[in-house]
Amino acid sequence: MQTPWEYRYAHRIQTLRSSVIRELLKLTEQPDIISFAGGLPAPEVFPVDRFKDACNIVLETIGRQALQYSASEGYIPLRQLIADNANKEGVSFDINNVLITSGSQQGLDFIGRLFINQGDYVVVESPTYLGALQAWNMYGAQYISVATDEHGLIVDELEKALRIGPKFIYVLPNFQNPSGVTLSLERRREVVTLADRYGVPIVEDDPYGHLRYEGKHIPSLFALDSHYHNLDPNAGNVVYMSTYSKLLAPGLRLAWMIAPEQVIRKFVMLKQGADLHTSTFNQCVTYEVARDNYLDEYVKVICGVYKERRNVMFEMMDEIFPQEVSWTHPQGGMFLWGVLPEWMDAAELLKKAVEKKVAFVPGSAFHPNGVGKNTLRINFSYSSPEIIREGITRLGFLLREEVKTAVK
Ligand SMILES: Cc1ncc(COP(=O)(O)O)c(C=O)c1O
């Protein structure tokens with residue numbers, strides 16, 4: 001007898017749907033397509049030799065430890081390094097405030113498990129990170145989308161959302177995925193104050209904060225919040241997350257969360273149930289790679305590479321895109337956000353773009369309620385300047401054709 005699988009799945013699985021956008025994006029995986037769709041770092045600058053040396057050092061010095069099971073909290077030297085880096089913002093976290101996760105995506109899933117009951121509201125930016133929506137849909141989240149502008153979340157709108165009684169606010173403060181927008185200092189202060197006043201935690205997701213190509217670093221929400229709580233690392237209102245995926249290599253699947261100790265203890269229990277711990281070997285090797293300021297120096301190198309790519313993309317868009325199309329000018333990160341004329345549908349445009357062998361992500365994917373049909377996300381970190389020139393030329397000519405046909 002054939003197993004009737006559909007009757008065996010858990011209720012929550014019914015929320016899993018294959019999306020039109022995901023189906024479309026499969027088309028962009030053909031090898032001859034110039035893809036601005038993924039959020040991939042440039043593989044040609046991965047520090048492969050440093051990793052080779054680090055693997056040898058780890059195996060020679062702590063090989064048996066590195067190949068063994070280890071604590072769910074993570075490798076102590078790596079947690080210490082992460083706490084020390086966070087404390088450069090004038091706060092005072094210790095390793096008990098740090099949990100290593102298998103990618104920030106795991107952190108997002110843990111947040112869903114810890115905070116979201118079926119039907120709970122979560123405040124998100126409009127647009128927001130698609131992977132967070134995917135993680136939290138599973139737990140039955142409902143979303144309150146707060147409008148953003150070139151300075152990030154619009155604070156009056158946030159206050160209205162807080163009155164509805166959400167479980168937490170999800171914010172991507174730096175070079176947001178997908179829009180590239182950065183939350184201004186003034187608004188960060190307001191967000192922290194409002195969250196505190198309404199007693200609603202902030203989840204600060206910050207994979208791109210160190211990838212800044214111009215302008216000055218803006219203090220993190222966790223740092224601003226910590227000052228509201230007399231720098232007590234266990235009294236704050238923020239769960240912070242970042243990842244080595246964008247700083248070193250996504251294949252490591254290595255990221256971290258920083259939070260008050262009582263919250264970290266809950267995440268540790270979830271971690272035990274999920275995967276016991278993140279790969280000991282990867283943690284030891286990453287520590288060996290990152291130590292002695294190597295990571296800071298390496299980040300300067302990738303910032304140089306991404307800045308050049310971003311600039312080439314800006315130049316080409318200025319030159320070729322029709323004036324009916326606008327886009328953000330992020331000071332860092334990996335993405336920019338295009339806005340097409342109201343009547344243009346980015347998903348339809350993608351089908352035509354794939355025929356011309358170029359791809360992007362339609363913006364509606366980054367909204368829980370499917371709005372934003374005339375928007376798109378474009379990645380500039382992955383393709384070489386030559387490929388960017390070619391890809392933006394193809395996209396630009398397609399956009400011109402579309403505008404011309406509509407005017408006729
Ligand atoms: C905002 C944001 N959060 C989380 C992630 C997931 O990162 P990781 O590779 O650490 O799982 C990404 C990856 O693109 C991201 O852009």
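Throughout, read-outs are computed from the coordinates displayed, never taken from laboratory work. Since we're looking at a predicted model, the values are computed, not measured. Cβ: placed from backbone, ideal geometry, glycine included. Neighbour counts: every protein chain shown.
Using only Cα atoms, tell me the angle between helix 104-115 and the longest principal axis of the chain; keep it within 0 to 90° and round to the nearest 10.
70 degrees
Using only the Cα atoms of the range 306-408, what do you get for the radius of gyration and for Dmax, in Å?
My reading of the Cα-based Rg and Dmax gives 12.9, 39 Å.
Quickly work out the R12-to-K357 label distance, labels modelled 7 Å from Cα along the C-beta direction, and quote it in nm with one decimal.
Reported label-point gap for K357 and R12 is 4.4 nm.
So what is the diffusion coefficient of the range 168-257 in µm² per second by Stokes-Einstein at 10 °C and 1.306 mPa s, using a Kirkwood Rh over Cα pairs? Walk me through the numbers before you get to the answer.
On the way: Rh = 13.7 Å.
It diffuses with D of about 116 µm²/s by this estimate.
Provide Y306, Y294 in ascending order of the number of other Cβ atoms located within 10 Å of each residue's Cβ, fewest first. Walk me through the intermediate numbers first.
Working: Y306 22, Y294 15.
Lowest count first: Y294, Y306.
How about K356: which lysines have a C-alpha closer than 25 Å to its C-alpha, ignoring those fewer than 8 places off in the same chain?
The reachable lysines, counting only those whose Cα sits under 25 Å from K356, are K26, K373, K404, K408.
Tabulate in residue order the Karplus-calculated ³J(HN,Hα) for the range 388-403, using 6.51 cos²θ - 1.76 cosθ + 1.60 with θ = phi - 60°, rounded to whole Hz; enter x for Gly and Pro.
So the J values, rounded to whole Hz, are 4, 4, 5, x, 6, 4, 4, 5, x, 5, 4, 4, 4, 4, 4, 5.
Give me Rg/Rg_expected for the range 207-278, where Rg uses Cα atoms only and Rg_expected = 2.2 N^0.38 Å with N residues.
The value comes to 1.30.
Dividing the alpha-carbon Rg of the range 356-408 by 2.2 N^0.38 Å yields what?
Numbers: Rg = 13.2 Å, N = 53, 2.2 N^0.38 = 9.9 Å.
Compared with the compact-globule rule of thumb, the range 356-408 sits at 1.32.
Binning at 5 Å from 0, report for the range 101-236 what percent of all alpha-carbon pair distances ends up in each bin.
P(r) over the range 101-236, rounded to whole percents: 2, 10, 21, 23, 23, 16, 5, 1, 0.
For the range 32-140, take N as its residue count and report Rg(C-alpha) divided by 2.2 N^0.38 Å.
Details: Rg = 18.6 Å, N = 109, 2.2 N^0.38 = 13.1 Å.
Relative to the 2.2 N^0.38 Å estimate, the range 32-140 comes out at 1.42.
For the range 273-334, state the average projected area of the convex hull of the C-alpha atoms over all orientations, rounded to one decimal in nm². All intermediate terms of the calculation are to be shown ahead of the outcome.
Details: hull surface 29.4 nm².
Average of the hull's projected areas for the range 273-334 equals 7.3 nm².
Treating cross-link reach as a plain straight distance, find the lysines whose alpha-carbon is under 17 Å from the alpha-carbon of K300, omitting any fewer than eight places away in the same chain.
Answer for K300, where 17 Å is the Cα cut-off: K216, K246, listed by chain and number.
Which of T393, T148 comes first, and how do the rest follow, when ranked by fewest Cβ neighbours within 10 Å?
Placing the least packed residue first, the sequence is T393, T148.
Compute the whole-percent fraction of alpha carbon pairs in the range 215-342 spaced more than 18 Å apart. Intermediate results must be reported in sequence, preceding the final value.
Working: 5713 of 8128 pairs.
That tail contains 70 percent of the Cα-Cα pairs.
Treating only the Cβ of Lys, Arg, Asp and Glu as charged (+1, +1, -1, -1), what charge dipole size does the chain show about its Cα centre? Round to the nearest 20 debye.
Details: 41 positive and 48 negative charges, 171 e Å.
Using only the charged Cβ atoms, the result is roughly 820 debye.
For the pair K26 and Q65, how long in nm is the line joining their label points, each one 7 Å along Cα→Cβ?
Spacing of the two 7 Å Cα→Cβ label points: 4.6 nm.
How big is the chain by Rg and Dmax over its Cα atoms, in Å?
Looking at the chain, its Cα Rg and Dmax stand at 21.6, 71 Å.
Calculate for the chain the 222 nm mean residue ellipticity that helices alone would give, adding -39,500 (n - 2.57) per DSSP H run of length 4 or more and normalising by residue count, nearest 500 deg cm²/dmol. Let's see the in-between values first.
Details: 14 runs with 180 residues, N = 408.
It lands at -14000 deg cm²/dmol.
Tell me, what is the percent relative contact order of the range 130-275, built from C-alpha pairs under 8 Å that lie six or more residues apart?
Numbers: 184 pairs, mean separation 25.3, N = 146.
Relative CO of the range 130-275 lands at 17 percent.
With just the Cα atoms of the range 8-87, tell me how far they stretch along each of the three principal axes, in Å, largest first.
49, 40, 31
How much of the DSSP bridge set in the chain is antiparallel, in percent, rounded to the nearest 5?
55 percent
Count neighbours as other Cβ atoms within 10 Å of each site's Cβ, and list the GluC sites (Glu not before Pro) in the range 114-197 that are DSSP loop with at most 14 such neighbours.
Details: sites: E125, E150, E157, E159, E186, E190; in loops: E150.
Here the sparse-neighbourhood loop sites are E150.
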